[in-house]
1. Counting Lys and Arg as +1 and Asp and Glu as -1, what is the net charge of the other residues whose Cβ lies under 10 Å from the Cβ of Val70?
2. Show me, for region 620-629, the HN-Hα J-couplings you get by feeding each phi into the Karplus relation (A = 6.51, B = -1.76, C = 1.60, θ = phi - 60°), rounded to Hz, glycine and proline as x.
3. Compute the Cα gyration tensor for region 98-159, then decide on rounded, prolate or oblate, letting a ≥ b ≥ c be the square roots of its eigenvalues: rounded whenever a/c is under 1.5, prolate when a/b is larger than b/c in the other cases, and oblate in all that remain.
4. What is the gain in length, in nm to one decimal, between His206 and Leu330 on full extension, counting 0.36 nm per residue of separation less the C-alpha to C-alpha distance?
5. If each residue of separation counts as 0.36 nm, what is the full-extension length gain between Arg407 and Ile706 once their alpha-carbon separation is subtracted?
6. Can you tell me the convex hull volume per residue for region 155-223, based on C-alpha atoms, in Å³ to the nearest whole number?
7. Residue by residue, what Karplus-based ³J(HN,Hα) values in Hz, rounded to whole numbers, does region 56-67 have, using 6.51, -1.76 and 1.60 with θ = phi - 60° and x for Gly and Pro?
8. Rounded, prolate or oblate: which one fits region 43-106, using the alpha carbon gyration tensor with axes a ≥ b ≥ c (rounded when a/c is under 1.5, else prolate when a/b beats b/c, else oblate)?
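The values are calculated or read from the model by the stated rules, or taken from the named source; none is laboratory data. Every value quoted in this text rests on a predicted model; they were computed, and no experiment measured them. Using ideal geometry, Cβ is built from the backbone for each residue, glycine included, and neighbour counts are taken over all protein chains shown. Remember, those area values only see protein heavy atoms, side chains included, never the ligands or the DNA or RNA. Shrake-Rupley method; radii C 1.70, N 1.55, O 1.52, S 1.80 Å.
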Amino acid sequence: MRGLHFILIIGCMGLFACTDFNRSDSARDQWRLDALESLRSVLHSDMRWQRVHAAEFLSSLDYVGEVDSVFRPLAQSFKDSIYYRHGIWRVLALTASPSERSRWIAKIEEVLADPDAPDKIHAVESLAKLRIAPPADVETSSDSVYDAFALWASAYQSIEAKNLAIEKLVSFFEGNRHSDREKGIAAYALRHLGGLDDAERSKIVHAVLNTISNPDLHRSLLVLAILQTSSDATDHENDQRLSNDLQDLTVSGSLPSKRDLALVLAERGSETDIPLLQSYLNVRTTDEPALAADVRAAAAYAMLRIDRRYQPTLAWLDWVVIVFYGALMLAIGWYYSRRNKTAEDYQLGGRNMNSVSVGISLFATLLSTVSYLSYPGEMIKYGPVIFTGMFGFPLVYFVAGWWLIPRIMEMKVTSAYEILELRLGTSIRMLAIFMFLSLRFLWMATIVYVTVEIAFLSVVNIAPGFVPVLSILLIVITIIYTSMGGLKAVVTTDVIQTIVFLGGALISILIVSYDAGSFGALIPGEWSPVWKPLRLGFDPQERTTVGNAVMMLFAWYICTTGSDQLAIQRYLSTKDIQAARNSLKVSLYANLVAKLLLALLGLAMLTFFSRNQHFLVDGQKLGEQADTLFPRFILIGLPVGLSGLVIAGLLAAAMSSLSSGLNSVSTVISEDIIKRFSIIKGKFSNLDALRQIQILSYLTGFVVMILSLMVANVQGTLFDVLIKVTHLFVAPLFVLFFMALFIPFSTEKGTFLGGMVSIFTAVSISFFGALGITVFWVLPCSFLMGTGIAVTFSYFENKLTL
């Protein structure tokens with residue numbers, strides 16, 4: 001072991017030596033602060049509609065708390081202000097919680113429903129800006145301006161309604177049927193709706209070129225045409241004319257031109273435009289103070305949008321840490337490759353591995369990169385309810401430790417699926433192998449893809465086309481050290497990787513706590529308005545309740561402990577039942593610590609990005625990018641060197657799961673397929689058992705690499721992906737083991753049918769939302785359905801044979 005200790009000591013010294021705490025950009029920080037100050041000055045001014053515009057800009061940038069605190073008192077002060085009240089209600093609808101948002105929308109709709117209300121146009125305009133279709137029972141109006149806004153609002157009923165609305169709004173520019181004001185409203189609406197096809201955009205461009213004599217309408221159409229220009233546009237001549245007209249806006253001294261140019265740059269600008277926008281922050285005029293305030297607000301908004309499009313990059317020290325970490329994993333694999341003498345050494349570590357190390361390895365295996373990123377994201381978006389599932393840990397330990405593990409340990413087998421054949425026959429064993437291999441191949445492929453697509457691409461500014469290359473590189477490194485060192489290498493690297501990725505989470509929490517002033521600043525003083533209200537019971541149609549969380553975690557642990565080769569292999573690698581039970585206990589404790597850390601990490605990310613909204617990605621609200629906030633924090637919140645270490649932790653979480661998956665899958669293929677079928681066995685007859693399994697690890701890795709390139713089609717948030725993919729076959733597998741171990745009258749046909757019904761149930765809920773049941777209920781529903789069918793069929797089959 002001295003050689004291994006030397007490798008670890010040198011590795012740790014190298015990793016922690018590469019740290020630099022300088023990652024600031026004072027110039028960027030200054031103009032960002034100037035832009036925020038300019039927007040805030042308009043927000044706190046006494047210019048009514050300009051402060052509404054500033055509030056809308058700030059709300060879209062996620063400064064909702066500050067805006068809400070300014071506008072909430074105005075709702076009472078200006079409740080009788082016929083027109084201005086709509087601006088206030090609209091802003092409060094943007095900043096309110098989902099449950100309170102309906103209150104402000106109802107006020108707008110109440111005005112809209114009043115046929116005598118003088119501010120119906122403002123009401124329908126507000127609904128359109130909030131992307132809400134007007135109620136179906138609202139009476140039509142003879143006012144053409146009202147109709148233009150109503151047409152815009154109607155686009156939010158459905159995709160078909162949107163396409164129809166766009167078509168009608170574009171037709172406003174054909175002929176002289178509509179006034180210039182109506183055309184201006186149509187241009188403004190189309191800017192918000194977007195999605196014009198080539199023919200529709202061509203009509204807009206034609207209208208731009210024919211409205212030179214009307215500066216205001218020409219400018220509105222020009223902004224629309226430019227914002228609808230795609231990177232592959234082919235009308236180069238007219239596009240050049242649009243570009244020239246845009247240049248005229250740049251040199252124009254008019255305030256409307258400056259405002260509209262700033263709004264174009266908010267969508268299409270780059271850092272080269274910052275000096276021009278900075279000059280707009282100083283626009284002041286005594287003749288048109290309100291319009292000058294709009295210019296300043298638009299310029300500040302554009303600067304903050306451009307700032308969000310900035311892509312921070314890893315420093316060379318970060319890359320050194322990442323490369324060094326990969327080399328350390330390979331060195332450990334090489335070390336154990338020299339110590340494995342038999343297939344049992346490779347597969348089960350000689351059946352004498354340390355129970356603490358095995359427990360940590362089991363925990364690291366089951367907490368993949370998907371879990372590492374999805375749990376903080378779940379906290380940010382939905383709150384702490386999912387973490388209450390940990391209240392089920394004591395019950396998990398009792399049921400799994402005293403009910404399942406003793407049954408498993410009684411059978412001295414290498415593959416878990418030998419148990420099924422001994423009790424129920426070959427077809428059940430083959431069905432279980434199919435379930436296990438399907439689950440694990442998809443599981444590993446998803447881990448590879450998510451690690452690269454979500455984690456790595458969030459911190460490394462490279463083209464998406466390199467995703468396949470990076471996926472292949474990640475799994476090749478894992479294949480090499482896994483295939484070299486077997487289970488001993490897997491367990492050792494799992495222990496190291498657990499320390500690294502939990503350490504990365506802890507460091508991030510401490511840094512945010514320091515930045516916020518105290519650890520207590522991470523704990524919300526009240527239930528966040530973004531989170532759904534706390535509910536305690538069980539509800540199959542509700543995504544998050546405490547009962548659902550406890551039930552899901554308990555069901556997952558029991559099903560995994562009693563059927564998954566990844567877990568069973570580790571229990572079988574210990575010397576006796578007590579050691580296996582101790583491994584489960586260590587795994588549960590490690591999981592408890594990890595989930596508490598990840599919950600705090602989610603709160604830390606919520607705190608950091610709620611206080612530093614400028615670090616969010618452009619075009620998305622905080623909740624919409626919940627899954628990528630931690631990877632983004634790694635780049636902008638951690639010192640140079642530590643960023644590389646935490647990224648290595650993200651890769652570590654993936655490699656922990658991949659290495660265990662490769663080892664377990666190769667073991668199952670060896671024991672349950674190669675040794676069983678002579679036509680396959682003959683191909684490997686000239687190889688010893690150890691070499692056979694090593695080759696299988698390489699082949700397994702190759703299949704995973706291919707599947708990882710196809711996993712982009714998995715839909716939903718990271719947590720949804722985690723449940724849909726990793727839970728799909730968990731309960732169906734356990735149905736087979738439950739019948740084999742606990743139902744004395746179970747039959748082969750009954751169990752096979754129950755397994756198939758369980759798969760059908762899981763797929764129906766996960767991908768088709770059967771009966772409105774949420775994915776949290778995939779495990780209990782598929783287990784109960786499968787077991788019910790299997791028990792019933794077996795019972796009657798036995799009755800008929802008597």
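1. Numbers: positive: Arg40, Arg51, Arg72; negative: Glu66, Asp68.
Value of the local net charge: +1.
2. In residue order, the calculated couplings are 9, 6, 4, x, 6, 10, 4, 5, 9, 5 Hz.
3. Values: a/c = 1.88, a/b = 1.20, b/c = 1.56.
Note, shape of region 98-159 comes out oblate.
4. Numbers: separation 124, 0.36 × 124 = 44.64 nm, distance 6.28 nm.
Working it through step by step, the gained length comes to 38.4 nm.
5. Numbers: separation 299, 0.36 × 299 = 107.64 nm, distance 3.71 nm.
Working it through step by step, the gained length comes to 103.9 nm.
6. On the way: hull volume 5.5 nm³, N = 69.
Expressed per residue, the convex hull around the Cα atoms of region 155-223 is 79 Å³.
7. These are the phi-based 3J(HN,Hα) values: 5, 4, 5, 5, 5, 9, 6, 8, 6, x, 5, 5 Hz.
8. Details: a/c = 1.75, a/b = 1.05, b/c = 1.67.
Note, shape of region 43-106 comes out oblate.
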